[in-house]
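A quick write-up on the structure given underneath.
Throughout, read-outs are computed from the coordinates displayed, never taken from laboratory work. Bear in mind that the values here come from a model prediction, so they are computed numbers and not experimental data. Here the Cβ positions follow ideal geometry from the backbone for every residue, glycine too, while neighbour counts run over all protein chains shown.
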Amino acid sequence: MALPLRIAARAFQGMLIYLGVIFVTTLLFLNLLVVFAIVRPVRRLSTMADQISMGNLEVPELPVRGRDEIAVLAGSFNRMRRSLVQAMKMLGE
């Protein structure tokens, strides 16, 4: 009976290691997905907003790709920047 129990214990240990590797790989993949899909675009929007708030109206527009919330937000920031530039020109006249 000891041999089958040892074989079962090794199989169980192997399965746990396999599941652990899958879990860590999935976690790393999801982390990279969040960084590239959410964190980087929001960081660019934040940098753009900071520069505009300090008076730098020469900030280039952000590219709007897709139809997700981040793309809608980038489009809104671009529109806000254009409106602010136009309002500043009107005030200067």
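Brief remarks follow.
- Cβ separations smaller than 8 Å between residues 6+ apart or across chains give the following pairs from the range 53-67 residues that are touching a residue at least 24 places away in the same chain (Cβ under 8 Å) and hydrophobic (A, V, I, L, M, F, W, C) to residues that are assigned to a helix (DSSP H, G or I) and surrounded by 10 or more Cβ atoms within 10 Å (Cβ to Cβ): L57/R81; L57/L84; L57/V85; L57/M88.
- Which listed residue is surrounded by 10 or more Cβ atoms within 10 Å (Cβ to Cβ) and not basic (K, R), from G20, G55, G92: G20
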